Amino acid sequence: MTKRWRDVLQIHPAAELFPLMTPDELHALGEDIKKNGLTSPIVLWRSHPQAPAQLLDGRNRLDAIEIATGSPVEVGAPSITAGDFLACDKVIVLDKSVDPWAYVVSANVHRRHLTIEDKDRVIVQLLKADPTKSNRRVAKLTDTSHPHVAKVREHAEKAGDVETVTTSVDTKGRKQPTSKPRKADKLAKAGRKRKSGRPPTQLTVAEQSVDKHLADRARDDIEAERLRARNEELERENRRLERENLALRSEVEELRAELAKRAPADDGLDIPASLRRAPR
């Protein structure tokens, strides 16, 4: 008896970043693949030429094909078979020159409609896999802002979900310190340097007030930057919802037009009130 693909093919941990589809969604996807073919390739990854291939992207598609065909899927690069189903040149194999985590995020983050919570979960998983990834690098992968990634990292480190590191690797592969001196601390230090070399404990009340004002202003700047980043994320989410709303309106109009063609005068059909046009 032929084994299912899950019994034969190893799954790379990066493939688990995104959730599986529901059974109904898998059934619909499988029927679509049977009708229109496999449009997106199945992606395998090898750490070195002799290592066994691991599935990097395509869990839902393989499950959907098995459901729709009722036959186990056999993945043999570059083709896929399942009973009478055949997809030629639809399997690609990547090597270690490709970051598997970055690939999975890049392939899925724009393919799916992710909420902010979904993206936060992906951010945590990326940082778990490689805590040395810089905030800017993770932000670029997940289509978020680096201040937001920094906030998610801080919460994950406090919860013990992500390891705390002292250096990170930026988008250009350079090592950078993970934390820089706070702007408030630098401003306060700069203000003290202008004095006569006295330690902070010997500053006058007026000088201490200036230092406090500079520190408060710096904290306000940091909070303003965080709020700006959050606002940008909400604006992107709003634009996505607007696009979905327009698409749904278009579908409703098409349904109305179709119903009008089939029953111009209703002809006794029970048409839902939501699809009837109001009399003019």
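The values are calculated or read from the model by the stated rules, or taken from the named source; none is laboratory data. This one's a predicted model, so the numbers in the text were calculated from it and none came from an experiment. With ideal geometry, Cβ positions are generated from the backbone for all residues, glycine too; neighbour counts draw on all protein chains shown. We work out accessible area using only protein heavy atoms, side chains counted, and drop any ligands, DNA or RNA first. Shrake-Rupley method; radii C 1.70, N 1.55, O 1.52, S 1.80 Å.
At a glance:
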read-out: Yes/no for D99 being under 22 Å from the mean Cα position of the chain (by Cα), surrounded by 15 or more Cβ atoms within 10 Å (Cβ to Cβ) and free of Cβ contacts under 8 Å to residues at least 12 places away in the same chain; value: yes
read-out: Residues located in segment 129-186, provided they are basic (K, R), at pLDDT 85 or above and open to solvent by 30 Å² or more (accessible area, probe 1.4 Å); value: R136, R137, K140, K151, K158
read-out: Candidate set from segment 214-241 (those that are open to solvent by 100 Å² or more (accessible area, probe 1.4 Å) and under 21 Å from L114 (Cα atoms)); member that is modelled with the highest pLDDT; value: R239
read-out: Selection status of K119, of a type outside the set (V, I, T), open to solvent by less than 40 Å² (accessible area, probe 1.4 Å) and in a helix (DSSP H, G or I); value: yes
read-out: Listing of helices (runs of 4 or more DSSP H) fully contained in segment 1-81 that carry 2 or more residues being modelled with pLDDT under 95, open to solvent by 30 Å² or more (accessible area, probe 1.4 Å) and not β-branched (V, I, T); value: 5-8, 23-36
